[in-house]
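Taking it in order: structure first as structure tokens, then the write-up.
Please treat every number below as a calculation from the coordinates, not as lab data. Remember, it's a predicted structure, so these values are computed and weren't measured experimentally. Ideal geometry is used to build each Cβ from the backbone, glycine not excepted, and the neighbour counts take in all protein chains shown.
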Ligand SMILES: C[S@@+](CC[C@H](N)C(=O)[O-])C[C@H]1O[C@@H](n2cnc3c(N)ncnc32)[C@H](O)[C@@H]1O
Ligand code: SF4
């Protein structure tokens, strides 16, 4: 029988403040910028200099102390992303959680996600994460094809990925799995294989990302040198639609451009961003928003360490968004979601060229209207930049 990691048993806050904080609930994203090695497609802020980990953990704990003293709140969602938070050892996680619990109340039933590289998943770690109160594991599987995994520079094998997903499910975590499509070496067979494997494992949530090559990564350089190594744009789009159709056929809800969930398992933390709700950000390059205030930390890891060690703020910038900016942004984010946006908001906030293009999307079946709401279809999401360009 499955043990439940969802009950929040490890999320005790005995020393943390309570009453006034409940009025100001929010989410918190904590960026752990450590990786054993760099994957060939990845441009996330992270370092492979693992000897920095002690300084980084102290700096993150220090930032939590400063932030919490000013803005301690009840946390409805907590997300440890990266980088590779699954690399953190027991003492490092304990340091971070102690700082967090000094100033924040983790709400009963809160969603607490930890991103994990399948290679790092082990029985003892799963138990540790459950004890800490982690309720959800997001596993960077990417592919079930060994050749593709090697080309992507992943540390794990397909065999390890299968085991990691099954073990996380057996420990009672809500499990999300990342897949990438449009990757070199991908053909119809590999896409079918991904679908079969996912439907055998049946995680609660699946993220399907179309490979992005707009940042300077080794894979982007390869795409310039040897474009034939990659599926063309149409094949990548077909793969995205095919995986999506299979997931929807198996009962998953395609609730956001890249995200699919079994009923009740949409990513609550990510939904906070898409719905414009408050999220605090901690760690290098972390960003956040509270009400109309938007802010981000410096991306440079050394600068982040130096700032915190000197007792100064890691903020790169902070600014207040205007009502109009917020409204337009909600339109853009709303169109990423299956729930779409209200037509009233479109008429109030969007320029006439956007409305004309939206009519064209509706006529082509790239968007649908239901009642007073309008939403993009999966084919519409694939070409959404041609619509959203009129909003910026
Ligand atoms: C921070 S990473 C995941 C956690 C962990 N570091 C790992 O790799 O297992 C978040 C996800 O973004 C996706 N991703 C990263 N770079 C991408 C790119 N260039 N194009 C598309 N998806 C990408 C991958 O699916 C990855 O699992
Ligand atoms: S995909 Fe994950 S493990 Fe790979 S370099 Fe990026 S953050 Fe690190």
What residue among 263, 284, 33 shows peak mean-square fluctuation when the chain is described by a Gaussian network model with Cα springs under 10 Å? 263
Pick from 287, 360, 59: which is most flexible by mean-square fluctuation in a GNM of the chain where alpha carbon atoms under 10 Å apart are linked? 360
Taking 7 Å along the Cα-to-C-beta vector as the label spot, tell me the residue 332-residue 214 distance in nanometres, rounded to one decimal. 1.0
Shape call for region 19-273 from the C-alpha gyration tensor, a ≥ b ≥ c root eigenvalues: rounded (a/c under 1.5), prolate (a/b greater than b/c) or oblate? prolate
Using a simple spin-label model with points 7 Å from Cα along the Cα→Cβ vector, what separation in nm is obtained for residue 91 and residue 359? 6.8
I'm checking a number: the convex hull volume of the Cα atoms of region 42-183, normalised per residue, in Å³. What is it? 118
Once you order the gyration tensor axes a ≥ b ≥ c over the Cα atoms, which shape class does region 324-391 get: rounded for a/c under 1.5, otherwise prolate or oblate by comparing a/b with b/c? rounded
Can you tell me the relative contact order of region 232-331? Whole percent, Cα pairs under 8 Å, sequence separation 6 or more. 15
Can you show me the helix-derived [θ] at 222 nm for the chain, built from DSSP H runs with n ≥ 4 at -39,500 (n - 2.57) apiece and divided by the number of residues, rounded to the nearest 500. -12000 deg cm²/dmol
A correct fewest-to-most ranking of 226, 26 by other Cβ atoms within 10 Å would be 226, 26
Could you list 129, 317, 381 in order of exposure, starting from the residue whose Cβ has the fewest other Cβ atoms within 10 Å? 317, 381, 129
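Tell me the relative contact order for the chain as a rounded percent, counting alpha carbon contacts under 8 Å between residues six or more apart. Numbers along the way, then the final one.
Numbers: 728 pairs, mean separation 61.3, N = 392.
Dividing the mean separation by the residue count of the chain yields 16 percent.
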Which of the three applies to region 201-287, rounded, prolate or oblate, going by the alpha-carbon gyration tensor with a ≥ b ≥ c and a/c under 1.5 meaning rounded? oblate
Candidates 159, 282, 57, ranked by Gaussian network fluctuation over the chain, Cα under 10 Å, top entry: 159
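Sorted from fewest to most neighbouring beta carbons within 10 Å, what does the list 178, 228 look like?
228, 178
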Between residue 300 and residue 221, what is the FRET efficiency for a Förster distance of 22 Å, r being their Cβ-Cβ separation, to the nearest 0.05? 0.45
Full extension between residue 150 and residue 37 adds, at 0.36 nm per residue less the Cα distance, a length in nm of 39.4 nm
